[in-house]
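Any read-out appearing in this document is the output of simple, stated calculations on the displayed coordinates, not a laboratory observation. For clarity, every value in this text was computed on a predicted model and none was experimentally measured. Please note: Cβ atoms are built from the backbone with ideal geometry, for glycine as well, and neighbour counts cover all protein chains shown.
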Amino acid sequence: MTRLVGQAAAPGLALGRVVEWPAAGGAAVHEAAPPRTLPEALEQAAAQLRELRERTDSAEARAILEFQVEFLGDPALLEPALPLLQQGSDPAAVWCAAIDAQIADFEASDDDYFRHRVGDLRDMRARVLAVLAGQAAAEVELPADAIVVADDIAPSRFLATRWGPRQAVVLRGGSPTAHVALLARSRALPMVVALGTAPIPPGSTAIVDGGAGTVELAPDPQALARFEQRRDALEQGRRAAERSAAGPARTRGGERVQVLLNVSDATELEGVDPALCDGIGLVRTELMFAEGPPDEATQLAAYGRLLHWAGGRQVVVRTLDAGGDKPVPGWSMPHEANPFLGTRGLRLSLRQAEGFKVQLRALLRAAAGGDGLRILLPMVTDAAEVAAVRALVAACADELRGAGLAHRLPPLGVMVEVPAAALALDRLGPIDFASIGSNDLLQYTMAAARDNPRVSPLADAAHPGFERLLGLVVQGAAAAGIPLSLCGDLAAQPAQVPRLLAAGLRSLSMPAAAVGAVKQAIAGWPAAPHEPPAGAG
């Protein structure tokens, strides 16, 4: 038996046969009529990505695909190559020259955001070349127990593949923070990355432990027995989590903890019982804006569907959090040197005041039909921003009143993502509630981008500096009488729940899939003497 060690990218266990992932040029293809021009090829490639986007139910996947669609539609992409096209140069050669220059720029960038997108650009390069050759990639067919081995997998090819519950992925390169790793986690597909160049013979038997970052080749009987025991334990834990999901969340001492859901679209709630939770703690509206700002009626209908599902429970709608790694056509600013410290979130919405008012009017109108609606502002730094929003809300109410349209002023809250806001929550003016965005607050506090594998380990929630800051936010909110929740990734991690409860938080928002395991962790807190915390390990 050979044991290989890489990096954990997506938790889970799998036992199967090694299958080499087909290279882009070696995958099965459907013949199609090649486009006549390069712009037509770009549009065909974008159309393929839009179709793929509509077939996925993952908000993260849709955001990745939307970046590629927007990039391919940017007129500036082909500007340097226009003279070559006019001279009749080969479209494939022109495309390679144009996209390779962009790839080189992104690779050389000092900004992690751009370096992190290199994989997307290579993905687009291969897709457009296939379109120019009159080839449309067919879905990759994999054995039910496939352990897929590759140097890397492009996000769009990953999304176009039908993955099964007994499969896993092993990458010789890659990073736990890469897009394909994020997609694997969203599908509960075990993944190990950064395994290096050690030989992994196709057809060999392998055990993949995505949580430990290990691959065992040709496992011996003892390893197979351990695998069976661990798989049975994981299945028992999953069933116990499902049972826990149905009941209220209470600590070992009987204290009630509010459990809310994070959603991006009403379709994510299909088949989810509202009794699972206390409401919706975060509605990400970016997906609604994926192809540009929607009109007021479209937004009103979307918010109405969420309120109807919640049935009187609270529904916290975050206003558009564009910018950073979430571009929105017709809304976002041109590329900035450091987009995560630039014009994003509320900063960007206030610069797009007329478009922002469309969203605010839709929210005020939706609030008239559902008492639970609340408005949450992202990327707030100081009181002037909150005051500016209140002025816009008042103007929107005047417009709706003048038009004779029913509306209501809902509670207005802020995201706590910027350390300055965390340290001066009571100085942000009159606010009705607050929600900690732990992803951004952690990376800003530690000065470590979560998508940069060289520094992401520094973004550790157990760091005493972050723990102290979290405690100060909870204390500041309590002293000011501001209801406080946490809606970042930490809320969905059972191992982190004891830390959040110990800090004083009693309201957590997470994806529906995490509710059962989180409620289990809540029920086990505080741990009895000599007992490990619930969710540990």
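Worth pointing out:
- Taking the C-alpha atoms of the range 379-503, convex hull volume expressed per residue in Å³: 123
- Taken about its Cα centre, the range 341-476 carries a charge dipole of about 300 debye when Lys and Arg each add +1 at the Cβ and Asp and Glu each add -1 at the Cβ.
- Normalised by 2.2 N^0.38 Å, with N the number of residues, the alpha-carbon radius of gyration of the range 64-183 equals 1.20.
- Charge dipole of the chain about the Cα centre (unit charges at C-beta), most positive-ward option of Leu269, Gln86, Leu65: Leu269
- Dipole axis of the chain (+1 Lys, Arg; -1 Asp, Glu on Cβ), positive-most option in Ala126, Gln493, Gly196: Gln493
- Helical contribution to [θ] at 222 nm, DSSP H n ≥ 4, -39,500 (n - 2.57), averaged over the chain, rounded to 500: -12500 deg cm²/dmol
- Across all directions, the shadow cast by the convex hull of the range 342-426 built on its C-alpha atoms averages 5.6 square nanometres.
- From the alpha carbon centroid of the range 138-158 to that of the range 203-250 is 22 Å.
- When the charge dipole of the chain is built from unit charges on Cβ atoms (+1 for Lys and Arg, -1 for Asp and Glu) and taken about the Cα centre, the candidate among Ala246, Ser109, Gly304 whose Cα reaches farthest toward its positive end is Ala246.
- When the alpha carbon gyration tensor of the range 247-310 is reduced to an equivalent ellipsoid, its three semi-axes come out at 29, 11, 9 angstrom, largest first.
- Over all distinct Cα-Cα pairs of the range 136-249, the Kirkwood formula returns a hydrodynamic radius of 15.6 Å.
- Across all C-alpha atoms in the range 193-248, the radius of gyration and Dmax reach 15.5, 49 Å.
- Column: log10 I(q)/I(0), Debye, Cα scatterers of the range 434-524, q = 0.11, 0.21, 0.24 Å⁻¹: -0.30, -1.05, -1.26
- Computed from point charges on the beta carbon alone (+1 for Lys and Arg, -1 for Asp and Glu), the dipole magnitude for the chain about its Cα centre is near 1540 Debye.
- Rounded to the nearest 20 debye, the dipole magnitude of the range 347-423 is 180 debye, with +1 charges on Lys and Arg beta carbons, -1 on Asp and Glu beta carbons, and the Cα centre as origin.
- Overall Cα dimensions of the range 145-190 - principal axes, largest extent first, Å: 23, 18, 16
- Kirkwood estimate for the chain, i.e. one over the average of 1/r between Cα atoms, Å: 25.0
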